[in-house]
Amino acid sequence: MSDGAGADGVSPAAGVLRVACVQLNTRDDVAANVRAALELVEAAADRGARLIALPETWAFKGRREGIVASAEPPDGPSNRALSAVAARRGVWVLAGSIYEPAPDGLVANVSALFDPAGSRRAVYRKIHLFDVTSGAVRYEESEEVVPGREIVTADIDTADGTLVRLGLSICYDLRFPGLYSSLALRGARILCVPSAFTAHTGVAHWEVLLRARAIENGCFVVAPDQVGEHLPGRDCFGHSMIVDPWGTVLARLEGGVGLCVADLDLARLDEVRGQIPSLEHRRPDVYDR
C-alpha cells in the first residue's frame, strides 16, 4: 500500500479532495471479486477518501463466454453493492467498469459513478476499443464489446462542499489525447482512467501517458489499475497512481492488491493552469482534426 496522504485519518483541508485508487486482481468469480472490492472500498473510506475509484472490469475478468454470462446493467447487483457502501459511508464511488449486455451477444464496457446517497450520477461507455497485435499476442476487444459514443463529465463535491468536475474514461482511451482535451474543455479538473492495462505495454507506456494527460490538460489524473494474471498469459500492470497537474505522481501502488491515497489540492490546479495556460493557447483553427 502506497500513499500520498490520508494514512493518519485526519480530514483534508478546505478545497482538498481525498481520493483513493483500488487495485484489484479480478478473476472469473464475481462473488469473490465483489467481496474483495468492498473490503478495499471500506478501507479507503476509513482513511477519509471522499472519492474511491475502482479499476476497469472490476467485477469480472475472464473468457468471452463468462464476459457475456456475467454482464449486468449499470444498476445491476455488483454495482448495487458499491452504491450501498457509498450511501452507508457517505462517499463517491467510481465503479471503474463492468460489462453491460448489448445487442447481438455483445457487451458494452461501462463505468458508473455513485454519489454519497448511493444514487447513480453518471454512466460512461468506453469509446476506444483495444484491438491490437503485438508479436504473437493478438487481442480484439471489438469481438466482444460495442464502443460508446458519448463524452461524459460529472460534478462531485469535496467534504466541505466545493464542487469539482470529473472527466470519465476507461483504459485504452488513455492513448487518445483528443478525448482528454475535450473533457478538460468541458470543465473537467480530474481525469479518471480506470484500467486493466497490460503488463507488456504498461512497463513502457502507463506512467508516461498518465503524466502526459495530466500535464497537457492541467488536470489531476486518478488511475486505478488491475494487477497480475487474470488468464494464462494475460497479466495486468498494476502501478495504480494519482498524478497532479504538474505531472508529479502523488501516490502509487506498484504491485499487489490494495490502495493508494492522495489529497488533491484544487488551488494547486489553478496555480498550474495560471503558470502554463495551454488550454487557452489551443489553435483548433489550424489543426487538421
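Computed quantities for the displayed model
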{"item": "Theoretical ellipticity at 222 nm over the chain - DSSP helices of four or more residues, -39500 (n - 2.57) apiece, nearest 500", "result": "-8000 deg cm²/dmol"}
{"item": "Likely footprinting exposure, 225, 46, 173, fewest C-beta neighbours within 10 Å first", "result": "46, 173, 225"}
{"item": "Span-like helix ranges in the chain, DSSP H, alpha carbon extent 20 angstrom or more, Kyte mean at least 0.5", "result": "30-46"}
{"item": "Convex hull per residue volume in Å³, alpha carbons only, for the chain", "result": "123 Å³"}
{"item": "Long-range HN-HN contacts of residue 131 with modeled amide H, under 5 Å", "result": "141"}
{"item": "Relative contact order (%) - criterion: Cα under 8 Å, at least six apart; region: the chain", "result": "22 percent"}
{"item": "Mean Cα-pair separation over length for segment 141-289, i.e. relative contact order, pairs under 8 Å, 6 or more apart, %", "result": "16 percent"}
{"item": "Over segment 1-94, relative contact order from alpha-carbon pairs under 8 Å, at least 6 apart, %", "result": "32 percent"}
{"item": "Estimated distance in nm for a label pair at residue 88 and residue 11, the labels positioned 7 Å out from Cα along Cα-to-Cβ", "result": "2.2 nm"}
{"item": "Mean Cβ neighbour count within 10 Å, used as a protection proxy, ranking 93-102, 79-88 highest first", "result": "93-102, 79-88"}
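Read-outs: derived from the displayed coordinates by stated rules, not from any lab. Fair warning: this is a prediction, and the values are worked out from it, not measured in the lab. A quick note on method: Cβ atoms are made from the backbone with ideal geometry, for glycine too, and the neighbour counts reach across all protein chains shown.
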